[in-house]
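For reference, the structure discussed in these notes is given below.
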Amino acid sequence: MKFLDIGEVSAKSGVKPSALRYYEEAGLISSVSRHGLRRQFPPEVLMQLKLISMGKTAGFTLEEIAGMFGTNGMPDLPRAVLHQKADEIDRQVHELAALRDTLRHVADCPAPSHMECPTFRRLVEVAGKRGRVIAKTERSKKPRHR
């Protein structure tokens with residue numbers, strides 16, 4: 001089997017060597033040997049890096065991503081956690097679509113002043129309520145010190 005040195009992995013994946021060293025230190029990837037001072041990786045590392053990138057884009061922490069790889073470095077993806085994250089992304093998509101629609105309305109509103117526009121006032125009211133609910137939810141997720 002032909003191994004890839006850290007420079008080849010970086011060039012093929014677009015991940016900087018410093019990040020590759022950090023990922024290895026964090027247990028996300030593993031080098032198999034060294035050629036001189038250069039780390040050598042199995043070709044499978046490229047797939048692992050794609051999964052790491054996808055996980056980061058989805059909002060998983062590196063610690064969560066590390067837990068998605070088995071001891072052999074192969075993916076061991078927790079389906080329930082993936083469903084939860086997909087649901088969370090669905091909520092974000094819905095909220096972003098509503099924000100986009102609000103911004104478009106504000107930009108195109110024919111009223112002389114936005115404060116005279118009943119739709120604008122209603123949208124601001126809804127956004128304010130949603131913001132309070134989100135802030136309250138975030139506070140309830142934080143651990144309390146006793």
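Please treat every number below as a calculation from the coordinates, not as lab data. Keep in mind that this is a model prediction, so the values were computed, not measured. In this analysis, Cβ positions are derived from the backbone assuming ideal geometry, glycine residues included, and neighbour counts consider all displayed protein chains.
For labels at residue 113 and residue 58 in the simple 7 Å Cα→Cβ model, what's the distance in nm?
Taking the simple label geometry, residue 113 and residue 58 are separated by 4.9 nm.
Give the relative contact order (percent, whole number) for the chain; include only Cα pairs under 8 Å separated by 6+ residues.
14
Among 122, 91, 79, whose mean-square fluctuation peaks in a Gaussian network model of the chain (Cα, cutoff 10 Å)?
Of 122, 91, 79, the Gaussian network model singles out 122 as fluctuating most.
Sequence-distant or interchain residues sharing an amide H contact under 5 Å with residue 69, placed H: which?
76
Roughly how many nanometres apart are two label points built 7 Å out from the Cα toward the Cβ at residue 81 and residue 12?
Calculated label separation equals 2.6 nm.
Relative contact order, percent, of segment 56-129 when contacts are C-alpha pairs under 8 Å separated by at least 6 residues?
It rounds to 15 percent for segment 56-129.
How big, on average over all directions, is the shadow cast by the Cα convex hull of the chain, in nm²?
14.2
DSSP H helices in the chain with Cα extent of 18 Å or more along the helix axis and mean Kyte-Doolittle hydropathy at least -0.5?
TM-like helix candidates: 45-58.
Counting pairs on different chains as well as pairs 8 or more places apart, how many Lys pairs in the chain have Cα atoms under 26 Å apart?
18
Dividing the Cα radius of gyration by the Kirkwood radius, what Rg/Rh value follows for segment 49-107?
1.18
Compute the relative contact order of segment 1-63 as a whole-number percentage, counting only Cα pairs closer than 8 Å that sit 6 or more residues apart in sequence.
Relative CO of segment 1-63 lands at 35 percent.
If I build a Gaussian network model for the chain, linking alpha-carbon pairs within less than 10 angstrom, which residue out of 95, 125, 25 has the largest mean-square fluctuation?
Largest GNM mean-square fluctuation: 125.
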